[in-house]
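Below you'll find the structure, written out as C-alpha cells, and then a few comments.
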Amino acid sequence: MSGFWAGYWQSLKSLDVEEPVDVYVHRPLAYVLAKVLLPTPVSPNLVTIASMVVGVYAGVLEAQTSVPHHFQWAALCAFVSTVFDCADGQLARMRKTSSVLGRMLDGTADVLVTTAILIGGGFYLVEKYGSTPLNSVLAVAFTIAGGIFTGIQTSLLFDHYKTLFLKLTVPGFKEAESYPEARKRYEAQTRFTPVTRLAWLMYLTLMSGQHTWVRRFDPYTVSEFSMLGEYDPTRAQIYREQVGPVMASWRRWFGYGSLMMGITLALALEAPEHYIILRFTLYGVVFYGSLMFRQRAASRRAFEAMGVVPR
C-alpha cells in the first residue's frame, strides 16, 4: 500500500498548485486508471478525448428532462469526465511523454465540457422558467453570463497563475506557454489536419482571452513566460513567499476540479441554477474583492523583488 501512495504522490504536479478536491477525490481514482492504462497502448490524448466525450454527454443528459434521473446520470458523467481529465496528465507524467498537443487538447477539453454542461443547463432553465419569451431570454442570458464569469475565473486566470507558479518554482518545468509564444508556434507550423486546425483555433482563442483578462485583472504580473528565462532558486523562493498564500486561495476555490465538483453536486441535487447564483454572488465578491487586491499586491512585491518588469 505504501508503494501505491508513493507512486501516487509522484504522479501529481507541485502540491502548491494542486486543488485539494483533486488531491483527495479525483486524482486517487485517476491514478488507479492511469496505472491500469500504463502498460497498454492507450495514449494520454485518448484519455483526454474520452474525458471530453463523457463531459459533453453530461450536458446532453442535463437537458433530457424526459429521461428518469437525468440529473443524477449527468452528475455521474461530470464526475467521470473530471477523473479522466486528471488521469491524462498523470498518465503522461508516469510515462514521461508530456506533449504540446496534449496540453492543447487538455485545455480545449475543459472548455468544451463546461460549455456543453452550460448549454444543457440553459435548456433546462428555459424549460423550467421560460413561461414567457422574456423569461426565456432572461434564463439564457443568466446562463451565458454565469458561464463567461466562471470561465474567466477558472480557465483563464487560475490557469495563468498556476502555470506561472510552476514556471518560477519548479526546476525543469517546460509547459508554460503564453499567447504570443503560442501564436509564433502556430505561424511556424506548415501542415495541419482538420483536427489539429480545430484544436489550434480553440487553443489560440483561449490563450488570447487569457492574455487579455490577465492584464485587466493584474497589471503587475508577467503575461509572457518567455521573459522569465530558466529556473532560478532565489527567484523561486521570492515568488513562493510572496504569492504562495494567494495561490492557496486560488487552488481551494477557483480551479477546474473545484468547479466540476460543484457542478457534480448541483446536478445530483437537481439545482444547477443555485450553483450559478453562488458563482455570481459569493464567488464574485471574493474574486473581484479580496482575491484580486491580494493577487495584485503579491505580484507587485514578487516581481519588484526579482527585478522583473512585466511588459
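The values are calculated or read from the model by the stated rules, or taken from the named source; none is laboratory data. Every value quoted in this text rests on a predicted model; they were computed, and no experiment measured them. Note that each Cβ is placed from the backbone with ideal geometry, even for glycine, and that neighbours are counted across all protein chains shown.
Quick one: which residue in VAL308, VAL286 is part of a loop (DSSP other than H, G, I, E, B), farther than 21 Å from VAL23 by Cβ, out of contact with any Gly (no Cβ under 8 Å at 6 or more places or on another chain) and modelled with pLDDT under 95?
Values: VAL286 fails: part of a loop (DSSP other than H, G, I, E, B).
Unique residue meeting the criteria: VAL308.
Here is a yes/no grid of residues against (1) at pLDDT 90 or above; (2) surrounded by 14 or more Cβ atoms within 10 Å (Cβ to Cβ); (3) farther than 14 Å from TYR256 by Cβ:
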position: VAL17; (1), (2), (3): yes, yes, no
position: VAL25; (1), (2), (3): yes, yes, no
position: SER43; (1), (2), (3): yes, yes, yes
position: VAL53; (1), (2), (3): yes, yes, yes
position: CYS77; (1), (2), (3): yes, yes, yes
position: VAL83; (1), (2), (3): yes, yes, no
position: GLY102; (1), (2), (3): no, yes, yes
position: GLY107; (1), (2), (3): no, yes, no
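Please state which one of ALA199, ALA236, ALA182 is among the aliphatic types (A, V, I, L, M) and at pLDDT below 90. Outline the logic, then answer.
Numbers: ALA236 fails: at pLDDT below 90; ALA182 fails: at pLDDT below 90.
Going through ALA199, ALA236, ALA182 in turn, the sole match is ALA199.
Could you list, ordered by first residue, the pairs with Cβ atoms under 8 Å in which the first is in segment 140-169 and of a type in the set (Lys, Arg) and the second is part of a helix (DSSP H, G or I) and at pLDDT 90 or above, at least 6 apart or interchain?
Short answer, once both residue conditions are applied: LYS162/MET247; LYS162/TRP250; LYS162/ARG251; LYS167/PHE225; LYS167/LEU228.
Just the residues that are within 27 Å of GLY102 (Cβ to Cβ), among the polar types (S, T, N, Q) and surrounded by 15 or more Cβ atoms within 10 Å (Cβ to Cβ), please, taken from segment 209-251.
Matches in segment 209-251: GLN210, THR221, SER223.
Could you grab me the full set of residues in segment 55-75 that are of a type in the set (Gly, Ala, Ser) and surrounded by 16 or more Cβ atoms within 10 Å (Cβ to Cβ)? Break it down into steps so the answer makes sense when it comes.
Let us first name the residues in segment 55-75 that are of a type in the set (Gly, Ala, Ser), namely 55, 58-59, 63, 66, 74-75.
Within segment 55-75, GLY55, ALA58, GLY59, ALA63, ALA74, ALA75 qualify.
With respect to GLY257, determine if the residue is modelled with pLDDT of 95 or more, of a type outside the set (A, V, I, L, M, F, W, C) and buried (at least 20 other Cβ atoms within 10 Å of the Cβ). Break it down into steps so the answer makes sense when it comes.
Numbers: modelled with pLDDT of 95 or more: yes; of a type outside the set (A, V, I, L, M, F, W, C): yes; buried (at least 20 other Cβ atoms within 10 Å of the Cβ): yes.
Criteria met by GLY257.
Given LEU91, LEU12, LEU46, LEU101, which one is under 26 Å from TRP200 (Cα atoms) and in contact (Cβ under 8 Å) with a residue 60 or more places away in the chain? Steps first, please.
Details: LEU91 fails: in contact (Cβ under 8 Å) with a residue 60 or more places away in the chain; LEU12 fails: under 26 Å from TRP200 (Cα atoms); LEU46 fails: in contact (Cβ under 8 Å) with a residue 60 or more places away in the chain.
On inspection, the qualifying residue turns out to be LEU101.
All but one of (1) at pLDDT 90 or above; (2) part of a helix (DSSP H, G or I); (3) touching a helix residue (DSSP H, G or I) at 6+ places or on another chain (Cβ under 7 Å) hold for SER226, so report the exception by its number.
Every condition holds for SER226 apart from (1).
May I ask you to list pairs of residues, at least six apart or on different chains, whose Cβ atoms are under 8 Å apart, with the first in segment 199-223 being under 13 Å from THR108 (Cα atoms) and touching a residue at least 24 places away in the same chain (Cβ under 8 Å) and the second being in a loop (DSSP other than H, G, I, E, B) and among the charged types (D, E, K, R)?
Between residues of segment 199-223 that are under 13 Å from THR108 (Cα atoms) and touching a residue at least 24 places away in the same chain (Cβ under 8 Å) and residues that are in a loop (DSSP other than H, G, I, E, B) and among the charged types (D, E, K, R), the close pairs are MET207/GLU177.
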